[in-house]
Amino acid sequence: MPELQFVQGDITEQSVDAIVNAANSSLMGGGGVDGAIHRRGGPEILQACREIRRTTFPGGLPTGQAVATTAGRLPARWVIHTVGPVYAKSEDRSDLLASAYRESLRVADEVGAVSVAFPAISAGIYGWPMDDAARIAVTTAREGATSVERVIFVLYGRDAYAAFTSVR
Ligand code: AR6
């Protein structure tokens, strides 16, 4: 079971083995944390994503799954790209959000990452209410059957930090 830590800040600045990107299925970049990672990490990341699309996921990375690439110029060694679900009131997609965390940790194990930083997946552009996103994130990471020793939730802003640190 990994030790959990919480910091308020920018995930692109984290000196950890792997940072997780809240990407979309195309893996071709976007806004939010995805935009920041590609901007600061440089073109090597997008190049690696294109290669993954060409070889492994021609139709895009399915929601709830994860893949690793180089982290380019970032301090981390790897970026683990995952796709969280878009929030929907009409349908409970919590399992897919939990899967995004679980699969990211599985990929972290595969590459040998011992410290992994996560953003609040789906809690930005994808509209997931922060308190619920935090509960799913923390409970899923806590139960993790993983060799990852340290999970750092890097929260952008005070509200996200408060939501994550309030989960019991
Ligand atoms: N460091 C840490 N957290 C951040 C950073 C950062 N640099 N920038 C934003 N956040 P979002 P999603 C927070 O929208 O909801 C993209 O276009 C942000 O405040 O990045 O999963 C993708 O390509 C929020 O709390 O991801 C997809 O199309 C959290 O990270 C879509 O957005 C997640 O917000 C994915 O949407």
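Couple of notes before you dig in:
- Computing FRET efficiency as 1/(1 + (r/R0)^6) for T56 and K89, where r is the C-beta to C-beta distance and R0 is 41 Å, gives about 0.80.
- Over the stretch 3-165, the Kirkwood radius and the radius of gyration, each from Cα atoms, give a ratio Rg/Rh of 0.93.
- Taking 7 Å steps out from each Cα toward its Cβ at D131 and Q5 produces label points 2.9 nm apart.
- When exposed loop sites are taken as GluC sites (Glu not before Pro) in a DSSP loop with at most 12 other Cβ atoms within 10 Å, the longest stretch of the chain clear of them is 1-90.
- Solvent-accessible area of M130 with every protein chain in place, 1.4 Å probe, in Å² to the nearest 10: 60 Å²
- Per-residue ellipticity at 222 nm, computed for the chain from helices alone with -39500 (n - 2.57) per DSSP H run of at least four residues, works out to -11500 deg cm²/dmol.
- Across the accessible surface of the stretch 3-165, with the other protein chains kept in place and a 1.4 Å probe, carbon and sulfur atoms take up 47 percent.
- Length-normalised contact order for the chain - Cα pairs under 8 Å, 6+ apart - percent: 33 percent
The values are calculated or read from the model by the stated rules, or taken from the named source; none is laboratory data. None of the values given here were measured: they were computed from a predicted structure. Methodologically, a virtual Cβ is constructed for each residue, glycine included, from the backbone with ideal geometry; neighbour enumeration extends over all protein chains shown. In case anyone asks, the SASA skips ligands and DNA or RNA and just uses the protein heavy atoms, side chains included. Shrake-Rupley method; radii C 1.70, N 1.55, O 1.52, S 1.80 Å.
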